[in-house]
Structure formats: C-alpha cells, structure tokens
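The values are calculated or read from the model by the stated rules, or taken from the named source; none is laboratory data. Here the structure is a predicted model, which means the values were calculated and not measured. Ideal geometry is used to build each Cβ from the backbone, glycine not excepted, and the neighbour counts take in all protein chains shown. Ligands, DNA and RNA are stripped out before the accessible areas are found, and what is left, the full protein with its side chains, is counted by its heavy atoms. Shrake-Rupley method; radii C 1.70, N 1.55, O 1.52, S 1.80 Å.
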Amino acid sequence: MTISPVFILAIESSCDDTAAAVLQNDKVLSNVVANQLIHNEFGGVVPELASRAHQQNIVPVIDAALKKANITKEQLSAIAFTQGPGLMGSLLVGSSFAKSLSMALNIPLIAVNHMHAHILAHFIDEENFDKPDFPFLALTISGGHTQIVLVRDFFDLEIIGETTDDAVGEAFDKSAKILGLPYPGGPLIDKYAQLGNPKAFAFTKPKVPELNFSFSGLKTAILYFIQKKVAENPNFVEENLNDICASIQHTIIEILMDKLKLAVKETGIKQIAIGGGVSANSGIRTTLKNAEQKYGWKTFIPKFEYTTDNAAMIGIVGYQKFLNEKFENSAVVSKARISF
C-alpha cells in the first residue's frame with residue numbers, strides 16, 4: 001500500500017537541458033527547464049560544455065521546481081532521474097545529485113529510461129488531453145532516436161522498428177545546416193515549410209525492410225541536390241527556401257507515415273501516440289491528426305512542453321515505478337545506451 005498523495009521530484013539531464021519537475025501523483029505541480037544557449041555558436045551540443053552547464057544549473061533549477069510546486073524537500077516521496085540514454089557527462093550530473101538527495105532525505109531512488117519517459121508522458125494528468133489505452137503504438141522521434149514501440153503496459157514495451165543509421169531529428173538538423181540555417185535548424189525547417197509547396201521538389205524515399213527507418217541516404221540526396229542547384233544558380237537556396245523546406249519536411253513525414261501504416265497493418269492496433277522532440281513539428285502533428293479521419297486511427301499528441309526534453313515525463317515514469325516499488329540503490333549507474 002502507498003500513501004497518498006505521492007510527491008515525486010524528477011531530474012532530467014540527458015543532453016543540454018537541465019530540468020526538474022515535481023509531480024503529485026500523476027499531476028504536474030512544476031516543470032522547470034534551463035536551456036544551454038552556449039551550444040548555438042558551435043552548431044551542435046558540445047558534451048563537455050553541457051556537463052559543466054548542468055553543474056551550474058541543477059541546484060537553481062531544482063530549487064525553483066520545489067518553490068513553484070509550493071512544497072518542501074521533506075515532503076518528497078521519492079527522487080526520479082534520467083539513467084540514460086544520453087551524454088555520459090550530463091547524465092552523471094543528474095544521477096549524482098539524485099543519489100545524494102535521496103540518501104540525505106532517506107527516500108527511494110528511481111532510475112528512468114529517457115525514451116520510456118517520452119512514451120509515458122501521455123499519462124500525465126493534463127486537462128483536455130486524452131490518455132491512450134493499452135496496447136498502443138508509440139512513434140518516438142528525436143535528435144537521437146527514431147522508433148516504433150509496441151506498448152502493452154507501463155513496463156511492457158517492445159521496439160518493433162527503429163532507424164538503422166541516423167535519427168529523424170538529425171535529418172532535419174543536418175538538412176538545415178546544408179541550407180545554411182543556424183542551429184538548431186529543425187524548427188526553422190518547420191517554420192519555412194509552412195510557407196512553401198511540399199511538392200516543389202522530389203526526394204527519393206529510402207527502401208528499408210520491415211518497420212525500420214533510414215535517413216542517411218536522404219541527407220546525402222539533399223546535399224547533392226543543393227550542391228547541383230547552387231552550381232547552376234548561386235541564389236537558389238535563398239530564392240526557394242520555403243519550397244525546399246516544405247519538400248524536405250513532406251518527404252520525412254511520408255517516410256514516417258509509411259512505416260506507421262505498415263505497423264498498424266501488421267499489429268491491428270490503431271491507437272498511435274507520438275513523443276520526442278521532433279513530435280513538436282507542426283507538419284507531423286497535422287498529418288497525424290488528419291490520419292484519424294483518413295485511416296480511422298486514434299492519435300495522441302502530447303502537450304507541447306512535454307515533447308522536448310523535460311523532467312515532467314521523467315516524473316510520470318517515476319510515479320508508476322513508485323507504485324510498483326521499482327527502486328534503485330546508490331550503486332545504479334548511468335548509461336549512454338540503454339534498452340527498455
């Protein structure tokens with residue numbers, strides 16, 4: 001038996017955002033994120049700089065989360081933290097703090113898989129957002145992952161399709177870099193795509209067996225296409241930016257949808273939930289909502305703040321693990337790669 005209410009302090013530090021959240025059962029009381037703008041000038045995340053920034057940010061962020069939730073640390077029931085996957089230096093900052101605080105307060109420590117959290121973010125109690133029923137298919141799309149996951153229960157998940165090379169988020173960002181857009185470029189492609197013609201330019205979709213993905217070939221095709229066009233007209237990108245972005249985004253969305261349709265056909269499951277940073281993309285969101293009428297699916301799109309890296313999603317996994325007494329001791333280790 002567990003006492004009610006349960007207060008979970010969650011810590012997320014897998015990449016370049018330091019985040020802390022407090023949940024009361026499955027409801028978010030606070031969700032604080034400190035971004036690291038220092039990486040923008042380097043065109044990508046610099047691991048060493050990320051871990052140093054986490055060290056600077058973690059205490060103020062946790063303090064802000066507790067104050068916003070209007071509770072004291074003595075009221076906490078457990079500490080949840082991101083165990084992996086992610087950058088080792090960044091993960092270690094979060095795990096070390098979580099271990100120390102759980103020991104100091106003598107409360108349970110809960111390790112959370114970052115990708116598991118992106119999926120279970122749908123179970124946060126949020127007004128006007130439905131929760132999927134089990135089983136459902138989850139499309140997890142981010143800068144580091146592209147997966148189709150069969151979710152049978154909170155802790156029964158199976159990856160049935162994944163990328164064989166690059167992740168979809170990387171395809172967006174690298175394409176943006178080819179176009180000369182600043183980092184992070186994915187959101188900019190989405191922005192310009194809304195103003196362009198998605199059928200202006202055709203890019204070949206990769207032929208990958210079963211439910212797996214590949215984006216490295218598409219990136220190469222985009223690079224060669226731009227190089228050829230710029231050689232013919234130095235102003236090609238500037239003159240056609242909206243149409244180029246719309247065509248790139250259209251192709252990526254078609255690749256994702258083709259695999260989702262196949263997954264639905266193979267499993268018979270028509271409940272689709274998306275998660276991960278790329279699920280913030282407006283084109284993907286619109287296409288999935290349209291699929292409800294077009295294919296008879298029921299689609300679940302998380303609240304925008306729960307798509308990018310955040311601690312609230314870590315907290316909801318922490319809450320479910322707390323109910324099932326899935327605790328760790330101080331010997332638990334961070335992992336750059338981790339499976340469900």
note = For Cα extents along the principal axes in Å the list reads [x] 67, 46, 33; [y] 101, 43, 38; [z] 124, 35, 30; the calculated value is entry [x]
ask   = Cα gyration tensor of region 184-280, axes a ≥ b ≥ c as square roots of the eigenvalues: rounded (a/c below 1.5), prolate (a/b > b/c) or oblate?
value = prolate
Average Cα contact separation per residue, the chain, under 8 Å, 6 or more apart, as relative contact order % = 24 percent
ask   = Based on the Cβ-Cβ distance of Y224 and K270, what FRET efficiency does E = 1/(1 + (r/R0)^6) give at R0 = 30 Å, to the nearest 0.05?
value = 0.20
ask   = Using the Cα atoms as the points, what is the convex hull volume per residue of region 295-340 in Å³?
value = 157 Å³
task = Counting only heavy atoms of the protein chains, get the accessible area per residue of the chain (1.4 Å probe) and round it to a whole Å² value.
result = 45 Å²
request  = Check cross-link reach from K289 to the lysines: straight Cα distance under 22 Å, and skip same-chain residues fewer than eight apart.
outcome  = K131, K191, K199, K259, K261, K265, K270, K298, K303
remark   = Note on region 212-269: alpha-carbon gyration tensor, axes a ≥ b ≥ c; rule is a/c under 1.5 for rounded, else prolate if a/b larger than b/c, else oblate; result prolate
key: Whole-percent carbon and sulfur share, accessible surface of region 69-124, 1.4 Å   = 56 percent
key: Accessible-area order (highest first, 1.4 angstrom probe) of the listed residues L92, L87   = L92, L87
Dipole of the chain, positive direction: furthest Cα of H116, L288, L157, with charges on the beta-carbon = L288
inquiry  = Using the basic label-point model (7 angstrom from Cα toward the beta carbon), what is the N197 to V333 distance in nanometres?
reply    = 5.6 nm
